[in-house]
Amino acid sequence: MTPMSVRTPASETSDSGAAHRAGFACFVGRPNAGKSTLTNALVGQKVAITSNRPQTTRHTVRGIVHRPDAQLVLVDTPGLHKPRTLLGERLNDVVRTTWAEVDVIGFCLPADQKVGPGDTYIAKELAGIKKTPKVAIVTKTDLVDSKRLAEQLIAVDRLGQELGIEWAEIVPVSATGGKQVQLVADLLIPLLPESPPLYPEGDLTDEPEQVMVAELIREAALEGVRDELPHSIAVVVEEMIPREDRPADKPLLDIHANVYIERPSQKGIIIGPKGSRLKEVGTKSRKHIEALLGTPVFLDLHVKVAKDWQRDPKQLRKLGF
């Protein structure tokens, strides 16, 4: 077995005279492998929605990491999976298109779950992309002890050897615990091309605000619902309008949004007894939206049925997929 290139923190710093680098990196992995959490930790702000439900991310969100020597643009993709619906097929197409366009790929594998068929399925796809460098990122290291982590690092190295993938690096990280997060950036940046910055200083994402707001509402709606429901939830922000009669020092933004589900029977689950769940969704998401936009918000939520939208091309277009 060839020696692994597993990276741990180092004290040396790069030369200040090094050329500026900028480019795109994407995190891939099966659903719920920690990709969105790592993206948010690197950017330092919530730009990708997270959930303990699989298949949460639907839009490709770009988070932008600014450093004096580099600009790392993170593309957050849905988890590649064996699709059961037209939506699933379209999400997989998004993943493959993204892989073909980025400068480096980070393959996320959670430390607390053995390398399984889902990981192998993705690794086989990665093996077919010859020119793009690949970094293996073992996530959620805070959930395992050192023995289990060592076993996972060896398993990831072995997976690469079996499929002919030469990992540029293998790095363990805990995004929630903040361990080795900056090291991930340190390892990805040298693999980017020399380039001036691609986005203005201070930009954290190029995702439209309305899409970000919709995703924050969907994240809140995903919390605490039955296992079968998350795939059925979509959110569309119909309008965001500053309240006209407000003084300049006390602005208020009116946001009107619709939460779509697939069947009338699901409506009660989202709304809850006497509207309690929908009210909770509104309260939770409003806090995140106000933090994102930096202004007080009045959030008006309605639940609507879009019958079997995951399988209907017309409905998918209407809902932004």
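Laboratory data are not the source of any read-out in this text; all were calculated from the coordinates shown. Quantities reported herein were computed from a predicted structural model and do not represent experimental measurements. Every residue, glycine as well, gets a Cβ built from its backbone with ideal geometry; the counts of neighbours run over all protein chains shown.
Determine, for Phe298, Phe107, Phe27, the number of other Cβ atoms within 10 Å of each Cβ, and report the residues in order from fewest to most. Don't jump to the answer; show the numbers that get you there.
Details: Phe298 13, Phe107 25, Phe27 29.
Fewest-to-most Cβ neighbours within 10 Å comes out as Phe298, Phe107, Phe27.
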Inset, instruction - Name the long-range amide H neighbours of Arg21: under 5 Å, sequence gap of 5 or more, or other chain; modelled H, no Pro or chain starts. - result: Ala70, Gln71, Ser195
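Once you list every other residue whose beta carbon is under 15 Å from the beta carbon of Ala127, what net charge do they have if Lys and Arg are +1 and Asp and Glu are -1? Could the numbers behind the result be given before it?
Values: positive: Arg96, Lys124, Lys130, Lys131, Lys134, Arg158; negative: Asp119, Glu125, Asp157, Glu162, Glu166.
Net of charged neighbours comes to +1.
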Legend entry - Count, lysine Cα pairs under 18 Å in region 209-318, 8 or more residues apart or across chains: 11
Inset, instruction - Taking H placed 1.01 Å from N in the peptide plane, check which residues at least 5 places from Phe107 or on another chain put their amide H under 5 Å from its amide H. - result: Val28, Val135, Ala136, Ile137
Inset, instruction - Neighbouring Cβ atoms within 10 Å as the yardstick, rank Arg246, Arg90 fewest first. - result: Arg246, Arg90
Inset, instruction - Show the residues, 5+ positions off or on another chain, whose built amide H is closer than 5 Å to the amide H of Asn32. - result: Gln55, Thr56
